[in-house]
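Undergrad: Got a structure for you, questions after.
The values are calculated or read from the model by the stated rules, or taken from the named source; none is laboratory data. No experiment lies behind these values; they were computed from the predicted model shown. Glycine gets a Cβ as well: all are built from the backbone with ideal geometry, and neighbour counts include every protein chain shown.
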Amino acid sequence: MANKAVVGIVDNEIVAAQIFEDFSDAGFTNGDISILIPEGQHLGAEKGTKMPEGAATGAAAGGTLGGLVGFLAGVGTIAIPGLGPFIAAGPILAALGGAAAGATAGGVTGALVGLGIPEYEAKQYETHLSDGNLLISVHTDSDDQRAAAREIMERYGARSVATAGESSPPKRS
């Protein structure tokens with residue numbers, strides 16, 4: 001697994017698909033890209049349904065991003081304590097699997113902290129996800145890759161774009 005992850009929040013699957021395609025065009029492998037999607041709110045899925053794991057998840061999901069998710073490493077549906085069911089793909093699935101399996105509170109926060117995101121940022125990402133947004137990230141090995149990933153996300157208007165551990169918490173007055 002690569003050294004650091006560049007993470008961002010998008011509010012729809014079309015933007016996530018555009019970012020995914022640009023990541024691929026920039027040379028990132030499918031095994032480097034992660035996505036976390038609230039099940040039933042995106043990809044044309046009906047609320048309350050549990051889609052099958054693996055590549056079939058992407059194929060069954062429909063919508064713009066559905067087919068792309070099927071190409072990512074390790075696609076599955078996972079229940080995150082306090083947030084509900086999500087479709088997860090890529091390296092984040094393994095991190096979330098451990099957090100969700102232990103039924104820990106703040107499963108997303110714990111998983112993101114485990115990936116090197118500061119806790120205060122991880123909590124912000126969890127809030128964005130609970131509001132129905134999608135999280136997309138890419139694992140990188142170099143400063144050049146991180147710069148390219150940030151530029152791609154920012155080009156498409158991703159919010160809260162950060163590199164694992166790059167920021168400091170805001171100072172309190």
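Undergrad: May I ask you to verify whether ALA164 is surrounded by 19 or more Cβ atoms within 10 Å (Cβ to Cβ), farther than 13 Å from VAL108 by Cβ and small (Gly, Ala, Ser)?
TA: For ALA164, the condition - surrounded by 19 or more Cβ atoms within 10 Å (Cβ to Cβ), farther than 13 Å from VAL108 by Cβ and small (Gly, Ala, Ser) - is met.
Undergrad: Report whether or not THR109 is in a helix (DSSP H, G or I) and modelled with pLDDT of 70 or more.
TA: yes
Undergrad: Residues of region 31-41 being at pLDDT below 85 and surrounded by fewer than 23 Cβ atoms within 10 Å (Cβ to Cβ), which ones?
TA: Residues satisfying the conditions are PRO38, GLY40, GLN41.
Undergrad: Could you check region 124-151 and list, in sequence order, the residues that are of a type in the set (A, V, I, L, M) and not in a helix (DSSP H, G or I)?
TA: Answer for region 124-151, where residues must be of a type in the set (A, V, I, L, M) and not in a helix (DSSP H, G or I): LEU134, LEU135, ILE136, VAL138.
Undergrad: Here is a further query. From the set of residues in region 10-30 that are crowded, with 21+ Cβ neighbours inside 10 Å and not aromatic (Phe, Trp, Tyr), which is nearest to ASP141 (Cα to Cα)?
TA: Applying the filter and picking the extreme gives ILE19.
Undergrad: Could you check LEU129 against (1) over 21 Å from GLU13 (Cβ atoms); (2) at pLDDT below 95 and say which number it fails?
TA: Unmet for LEU129, out of (1) over 21 Å from GLU13 (Cβ atoms); (2) at pLDDT below 95: (1).
Undergrad: Counting only residues that are within 19 Å of ASN30 (Cβ to Cβ) and aliphatic (A, V, I, L, M), which one in region 126-157 is surrounded by the fewest Cβ atoms within 10 Å (Cβ to Cβ)?
TA: ALA148
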